[in-house]
Each structure stands twice: as structure tokens, then as C-alpha cells.
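Engineer: Structure provided below as C-alpha cells; questions to follow.
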Amino acid sequence: MNQSFYTAALGMGSEQYKLDILSNNTANINTWGYKTKVPIFSELMYYEMKGKVDQNNELLSGTGMRIQKADTDFSQMTLAETPGDYDYAIEGDGFFMLRDPASNEITYTRDGSFSLSLRGEQFYLISSTGKLVLDQNRNPIIVNENSPDTLNIGIFDFVNKNGMLSVGDNEFTPVAKNGNPFNAQNATLRKGMLEMSNVDFADQLTKIIEAQRAYSYALKMVQTSDEIENKINGLRA
């Protein structure tokens with residue numbers, strides 16, 4: 001009976017994790033440049049039931065599943081016109097490079113809802129989280145009366161975007177397998193536009209219902225296992 005408790009508990013925890021991700025996706029359906037998070041699970045090992053050693057009787061029992069990772073769907077969404085003077089969108093693959101002025105940490109985002117911040121005697125282009133937006137040479141962008149109508153905002157890409165870490169605030173950091181960032185060649189900067197969230201509400205709602213039902217089934221399995229074990233203990237008494 002302990003195995004049924006263990007398997008069901010793993011299932012409940014995994015489905016709760018899935019619900020958290022799906023709920024976060026739906027909450028960001030109107031967030032500019034947001035990319036859908038996709039929960040990835042893997043099955044744990046199976047074992048033979050009531051079989052002799054090295055005998056395959058096709059009676060397999062699973063031991064549940066575990067959370068492998070939460071991947072990101074970087075597919076591009078529609079660009080929408082906006083009234084912001086410093087709104088920018090990327091048409092094609094790539095990211096805006098941001099630098100935290102306090103820690104100098106570099107992060108990447110698709111959210112181009114920028115604004116100006118006065119630092120000392122100069123205005124700098126900053127992200128919605130207050131980080132410095134970098135140009136193609138990875139330097140902060142200073143805006144003054146001599147600046148061109150369309151700023152020289154850098155667009156950077158990676159050979160492989162799989163596994164990039166989501167660090168919150170709609171920003172990402174690369175891992176070793178992503179390689180080094182390079183100036184994107186097949187991307188176009190669009191001023192006065194922002195990329196919409198690529199969350200498919202109908203798809204997310206369907207998956208939420210599926211996860212809720214799976215969670216309830218796992219919970220029922222725990223309750224049933226508990227009832228059976230109580231009856232067995234009662235017979236022993």
C-alpha cells in the first residue's frame with residue numbers, strides 16, 4: 001500500500017506544479033512580450049508485478065512521475081501599435097539586452113516597453129523594470145536632442161534558446177548550452193509597437209481543467225489507499 005501512497009503523492013505534487021505554471025501563463029495573457037511556460041514531466045521507472053526473475057509477464061506497475069523542468073515557448077506573437085514614444089518590438093528572433101545598474105547583471109527580454117530615466121545630467125533608456133537598455137555594442141543608450149528618431153537598440157540572439165532560465169519580470173538568462181549572445185541578423189526593430197503575449201487562453205484553460213481532474217484522481221487514490229489500509233489494520237486487530 002505504501003507504493004500507492006507514494007505514486008499518488010507524486011502525482012498530486014506534479015499536477016499542482018503544473019497548475020501553478022498554467023495559472024501564471026493565464027495571468028500574463030496581457031503582458032507585453034510574455035512567453036508561455038511549458039511544464040515538462042518524465043515518468044519514473046516501471047517494475048514487473050508478480051513475475052519471476054528475468055521473466056516478462058507484461059504486468060507492469062509505474063512509480064509515478066517527476067517534474068523535469070519548465071520550458072519556454074519562444075514563438076513570436078503579433079505586434080501591436082502603441083502610443084508610447086519609446087516602445088519597441090522585435091520582428092524575428094532575438095532579445096533586448098538589459099543591464100542592472102546596481103549589480104551589472106545581464107538579462108534578456110522581448111518586452112520593449114521602454115522609457116527614459118535621468119541619471120546625473122543625462123537621460124538613459126530603461127526597461128519597465130528600471131534596467132539599462134543596451135545598444136549593439138552593449139553600451140547603455142543615452143537619449144538627447146541629437147539622438148536619431150529610431151534608437152540604436154541592440155538585438156541579440158543565441159544559437160540555441162532551449163533551457164534559458166526565466167528569472168522573473170519577463171526576463172531570461174542563458175545557460176551554458178545556449179552559447180554566447182550575438183547580434184541578430186534576421187531581426188527587425190519596430191518603433192511604436194510592442195509584441196503581444198503568445199499565451200493561448202483556450203489552450204491554457206483546457207490544460208488547467210485536465211490538471212485539476214488529474215489532481216482530483218490522485219487525491220482519490222490517496223483516500224482509497226488509506227481506507228483499504230485502515231480496513232486491513234482492522235482485520236489484524
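The values are calculated or read from the model by the stated rules, or taken from the named source; none is laboratory data. Keep in mind that what you see is a predicted model, and the values were worked out from it rather than measured. Cβ placement follows ideal geometry from the backbone for every residue including glycine, while neighbour counts extend to all protein chains displayed. All accessible areas refer to the heavy atoms of the entire protein, side chains included, with ligands and DNA or RNA removed. Shrake-Rupley method; radii C 1.70, N 1.55, O 1.52, S 1.80 Å.
Engineer: DSSP loop (so not H, G, I, E, B), at most 11 other Cβ within 10 Å: list which GluC sites (Glu not before Pro) in the range 115-186 pass both filters.
Structural biologist: Qualifying residues, ordered by number: GLU121, GLU145.
Engineer: Of ASN144, VAL175, THR206, which is farthest towards the positive pole of the range 137-210's charge dipole, taken about the Cα centre with +1 and -1 on the beta-carbons of Lys, Arg and Asp, Glu respectively?
Structural biologist: Looking along the dipole axis, the top candidate is VAL175.
Engineer: Among LYS18/LYS177; LYS18/LYS231; LYS35/LYS131; LYS177/LYS207, which pairs are too far apart, with a Cα-Cα distance over 22 Å?
Structural biologist: Distance filter (> 22 Å) returns LYS18/LYS177; LYS18/LYS231; LYS177/LYS207.
Engineer: Excluding ligands and nucleic acids, what accessible area in Å² is computed for VAL159 using a 1.4 Å probe, to the nearest 10?
Structural biologist: Result for VAL159: roughly 130 Å² accessible.
Engineer: Report, in cubic angstrom per residue, the convex hull volume of the C-alpha atoms of the range 116-167.
Structural biologist: Dividing the Cα hull volume of the range 116-167 by its residue count gives 106 Å³.
Engineer: Starting from the Cα gyration tensor of the range 159-237, take the square roots of the eigenvalues, sort them a ≥ b ≥ c, and report rounded, prolate or oblate (rounded when a/c is under 1.5, otherwise prolate if a/b is larger than b/c, else oblate).
Structural biologist: Since a/c reaches 1.5 and a/b is larger than b/c, the shape of the range 159-237 is classed as prolate.
Engineer: I've got another one for you. Top to bottom by accessible area (1.4 Å), largest first, where do THR173, THR78 land?
Structural biologist: Most to least solvent-accessible, the answer reads THR78, THR173.
Engineer: Just to be sure I understand the curve: with the Debye formula and one point per C-alpha of the range 149-190, what is log10 I(q)/I(0) at q = 0.20, 0.22, 0.32 Å⁻¹?
Structural biologist: With one equal scatterer per Cα and no solvent, log10 I(q)/I(0) is -0.73, -0.83, -1.10.
Engineer: Mean projection of the alpha-carbon convex hull of the range 110-212 over all orientations, in nm²?
Structural biologist: For the range 110-212, the mean projected area of the Cα convex hull comes to 9.2 nm².
Engineer: Next question, about the same structure. Treat each spin label as a single point 7 Å out from the Cα along the C-beta direction, and report the ALA202 to LEU116 distance in nm.
Structural biologist: The modelled label-to-label distance comes out at 4.4 nm.
Engineer: Mind giving me the FRET efficiency for GLU145 and THR188? R0 is 30 Å, r the Cβ-Cβ distance, nearest 0.05 is fine.
Structural biologist: For R0 = 30 Å, the calculated efficiency reads 0.70.
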